[in-house]
Amino acid sequence: AVHAVEDQHRVAVAEGAATVDADALRLHAELPAAVQEGQLRVHYQRLVAAGTGRTLGLEALVRWQHPTRGLLGPCAFVPLAERSHAIVGLTHWVLRTAAAQCAAWRAAGHEVSVAVNVSPVVLGDPSLVNAVRRAITTNGLAPGVLTLEVTESALLLDPEGAATVLAALREAGARVSIDDFGTGYTSLTMLRQLAVDELKIDRSFVVAAPQAPADAAIVRALVDLAHRLSMHVVAEGVEDARTADLVRDLGADVLQGYHFARPVPAEEVFAPADVPARPVPAAVPTAVPTA
Ligand code: C2E
Ligand code: MG
Ligand code: MG
Ligand code: MG
């Protein structure tokens with residue numbers, strides 16, 4: 001059902017292509033300035049441990065605070081940015097921002113990781129590995145704290161090139177996750193050959209699992225496959241308690257979705273009461289009163 005809706009949307013966009021294009025062209029032209037002028041924002045969505053509900057990490061999701069159009073979601077401009085080099089600058093900005101934010105959270109006592117989405121074009125760009133290495137070292141992030149989410153299509157575009165890049169990214173201290181898994185066409189052989197730490201099972205399977213035994217079976221099979229290949233499994237798009245219980249029972253390690261939290265600005269991720277107890281610094285001794 002989810003796919004049907006998305007396909008309809010795609011058709012509608014294609015049919016309105018003539019009008020959409022002039023508009024899209026304008027947005028596309030405004031993008032580089034938007035990055036430079038600080039109009040981009042990153043919202044963060046929690047990833048929670050299936051067993052304990054503890055927040056393990058945050059996924060960085062870009063938004064554009066457009067001066068006249070308001071807050072735009074990534075669907076409105078990421079595909080446009082992907083048509084040119086603009087996506088590289090955008091991704092590097094998100095990477096720097098999310099890595100710095102993660103370091104700030106960790107310094108405040110939140111032991112969290114952060115995940116950044118990387119488009120196929122960006123995965124193929126020679127500057128990515130250095131940008132990732134810099135984000136990790138500049139912010140003093142421990143190995144495995146930064147995760148890069150890539151889609152199956154990125155791996156298909158150039159499997160050998162992708163394998164080399166993924167290995168270099170892990171060498172630099174990043175984890176690699178395959179996003180929206182199950183919607184693309186990754187061959188099982190490719191999965192075996194790639195250096196991948198995590199599979200994120202696409203929302204369409206997760207949403208359907210409580211009603212459709214076939215979808216629940218797919219989730220279980222993907223979990224088993226991933227675990228046998230020593231990968232972690234994230235279930236994305238968990239919208240209610242029933243789905244959370246089911247995918248947890250099916251073996252997912254990490255859950256993400258509106259049931260737990262929506263993407264929000266960094267300052268709204270942790271409520272002030274959330275700050276873990278830290279030792280209260282000893283009172284600074286004042287001058288000893290002389291009697
Ligand atoms: P994604 O990486 O698969 O991210 C998950 C998307 O699903 C997010 O949408 C999130 O808000 C949404 N979501 C999370 N939980 C639920 C739920 O329970 N139900 C439903 N219906 N949706 C849920 P968002 O933020 O609109 O991002 C859409 C896509 O845009 C992302 O999909 C990702 O592919 C892309 N994107 C976002 N930020 C970036 C970025 O910085 N760089 C690149 N290259 N792509 C990005
Ligand atoms: Mg993602
Ligand atoms: Mg995803
Ligand atoms: Mg998705």
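The values are calculated or read from the model by the stated rules, or taken from the named source; none is laboratory data. Everything quoted here is computed from the prediction, not taken from an experiment. FYI the Cβ positions are ideal-geometry reconstructions off the backbone, even for glycines, and counts take in every protein chain you see. All accessible areas refer to the heavy atoms of the entire protein, side chains included, with ligands and DNA or RNA removed. Shrake-Rupley method; radii C 1.70, N 1.55, O 1.52, S 1.80 Å.
List of remarks:
- Tabulated pairs, the range 229-242, first away from ligand 4 (no atom under 16 Å from the Cβ), second open to solvent by 60 Å² or more (accessible area, probe 1.4 Å), C-beta under 8 angstrom, 6+ apart or interchain: 229/192; 240/259; 241/259
- All helices (runs of 4 or more DSSP H) inside the range 27-129 with 1 or more residues being in contact with an Asp or Glu (Cβ under 6 Å, 6 or more places away or on another chain) and open to solvent by 40 Å² or more (accessible area, probe 1.4 Å): 120-123
- Once the range 184-213 is narrowed to residues that are crowded, with 17+ Cβ neighbours inside 10 Å and of a type in the set (Ser, Thr, Tyr), the residue that is nearest to ligand 3 (Cβ to nearest atom) is 204.
- Every residue from the range 167-198 that is within 16 Å of ligand 2 (Cβ to nearest atom) and in a helix (DSSP H, G or I): 169
- Sole exception among (1) outside any loop (DSSP other than H, G, I, E, B); (2) more than 20 Å from residue 195 (Cβ to Cβ); (3) open to solvent by 40 Å² or more (accessible area, probe 1.4 Å); (4) of a type outside the set (Asp, Glu) for residue 140, by number: (1)
- Of all residues making up the range 220-258, the number that are aliphatic (A, V, I, L, M), open to solvent by less than 30 Å² (accessible area, probe 1.4 Å) and more than 15 Å from ligand 1 (Cβ to nearest atom): 5
- Of all the residues in the range 219-238, those that are touching a helix residue (DSSP H, G or I) at 6+ places or on another chain (Cβ under 7 Å) and under 19 Å from residue 207 (Cα atoms) number 6.
- Selection count where residues are more than 14 Å from ligand 3 (Cβ to nearest atom) and among the small types (Gly, Ala, Ser), scope the range 233-249: 2
- Residues that are touching a helix residue (DSSP H, G or I) at 6+ places or on another chain (Cβ under 8 Å), among the hydrophobic types (A, V, I, L, M, F, W, C) and away from ligand 4 (no atom under 16 Å from the Cβ), drawn from the range 194-213: 194, 195, 196
- The condition of being closer than 30 Å to residue 23 by Cα, of a type in the set (Asp, Glu), in contact (Cβ under 8 Å) with a residue 40 or more places away in the chain and within 16 Å of ligand 4 (Cβ to nearest atom) holds for only one of 149, 82, that being 149.
- Count of residues meeting criterion [over 21 Å from residue 194 (Cα atoms) and in contact with a helix residue (DSSP H, G or I) (Cβ under 8 Å, 6 or more places away or on another chain)] in the range 111-130: 3
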